[in-house]
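Inspection log for the structure reproduced underneath, given as structure tokens.
Just so it is clear, none of the values below were taken in a lab; they were calculated from the coordinates. Just so you know, these numbers come straight off a predicted model, no measurement behind them. Cβ placement follows ideal geometry from the backbone for every residue including glycine, while neighbour counts extend to all protein chains displayed.
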Amino acid sequence: MRIGLNPNKDIKNFKDKFSHQVIIPVFIPSHDDYFMDALKILEKSLNSIFKTVHSRTFISVVSNGSSKKTESFLNTLYENGSIHELIFTENIGKLNSIYKALGGHNIPLVTITDADVIFVSGWQEETFKLFTNFPKTGTVGLIPQFLSYQSHCHNLLFDFLFSKDLKFGKVEDPKGLKHFYNSLGWKDDYPRSRLKYILYLEINRIKAIVGSGHVVATYRRELFNTVKFFNPYKMGGNSESLLDELASKFGLYRFTTVKNYAYHLGNKLDKDEIEGLDSEIPFLNKNKVYPISLNSINRTNKFVYIAKKVIIQFILKSHKLRMLYLNYLGLPKDVRKTF
């Protein structure tokens with residue numbers, strides 16, 4: 001029997017209090033072998049987020065089949081109010097766990113990060129700066145990477161094909177760039193020129209690296225409105241490329257901040273490295289909120305999307321055309337072959 005009306009009936013769910021959501025999927029099923037240091041790294045990662053975000057940031061953590069010890073640690077953070085949303089699930093895969101955290105929210109910017117990333121103070125401000133100054137921004141990464149312009153950036157490369165605003169320049173944070181590849185376990189045998197030059201778009205003295213990775217990146221929430229909220233892969237497969245191609249399918253651009261505003265740690269704890277990064281992360285004034293106003297977007301015409309992609313891929317895959325293109329973009333002759 002029901003008596004009276006539910007007090008929530010016909011009440012709209014407004015969440016204007018938040019302008020930015022951070023989603024952290026966590027998979028720590030055990031505490032030995034590969035995952036021996038994972039919980040300590042997760043704690044460092046979350047602390048760096050708590051220290052560097054403003055008061056209108058909604059923090060979602062999804063425990064994707066993690067151990068009881070991990071879930072107990074996360075539950076303590078939830079109970080003390082450090083995180084706003086904590087979701088427990090069996091191992092349904094990284095992308096599906098992200099989708100769970102997206103559901104029920106309509107916060108305009110969404111940062112998706114691995115659980116082994118340290119954030120540096122100022123990352124939100126720099127992210128907002130790119131969204132504000134480049135109206136067609138769809139994704140902003142925080143970790144510069146080699147050749148990022150070659151991945152899902154055909155919209156931007158086509159639109160600025162004959163523009164002087166697009167050009168190669170000196171890497172502003174070579175130490176940070178090198179750190180990322182060390183964290184992946186790469187051998188130090190890649191072309192050294194990739195630590196010196198990177199492709200920028202610069203308009204009105206605001207500069208951004210062309211392209212973005214997916215270890216940590218911020219997306220316009222609208223990009224997910226057409227996503228099918230299920231993916232068959234736990235990791236790999238097409239799960240990461242789905243995030244990478246979101247912006248380009250809407251005719252938008254992918255960027256990365258010119259300096260490292262986050263550091264990937266991997267699965268092994270380097271105490272000296274962690275202490276060095278911790279010293280660079282002062283507490284943010286939580287009341288310093290960066291205003292963001294995004295224009296509405298529509299999915300790009302499929303023919304236009306394919307045409308731009310085919311033209312740019314043709315240029316990049318042809319050795320002769322690529323060399324001419326890199327020359328036009330200002331890359332020195334002695335390093336073109338490694339790009």
### Query
What would the Debye formula give as log10 I(q)/I(0) at q = 0.08, 0.16 Å⁻¹ for the alpha-carbon point model of segment 20-300, no solvent?
-0.32, -1.39
### Message
Just want the answer: with Cβ charges of +1 for Lys and Arg and -1 for Asp and Glu, which residue in Ser97, Ile87, Ser248 is farthest toward the dipole's positive end in segment 20-300?
### Response
Ser248
### Query
Using the count of nearby Cβ atoms within 10 Å as a rough guide to exposure, how do Thr57, Thr89 rank from fewest to most?
Thr89, Thr57
### Query
Taking other Cβ within 10 Å of each residue's Cβ, how do Thr139, Thr76, Thr338 sort, fewest first?
Thr76, Thr338, Thr139
## Note on the structure
Contour minus Cα-Cα span, Thr226 to Asn298, at 0.36 nm per residue, comes to 24.9 nm
### Query
Between Ser121 and Ser163, how many nm apart are label points set 7 Å from Cα along the C-beta direction?
3.4
#### Entry: Separation in nanometres of the label points that stand 7 Å from Cα toward Cβ, at Ile203 and Asp32
5.5
### Query
Sorted from fewest to most neighbouring beta carbons within 10 Å, what does the list Ser48, Ser296, Ser163 look like?
Ser296, Ser163, Ser48
#### Entry: Calculated FRET value between Thr76 and Leu324, using beta carbons and R₀ = 41 Å, to 0.05
0.10
### Summary
Quick calc: nm separation of the 7 Å Cα→Cβ label points for Lys333 and Leu147 -> 2.4
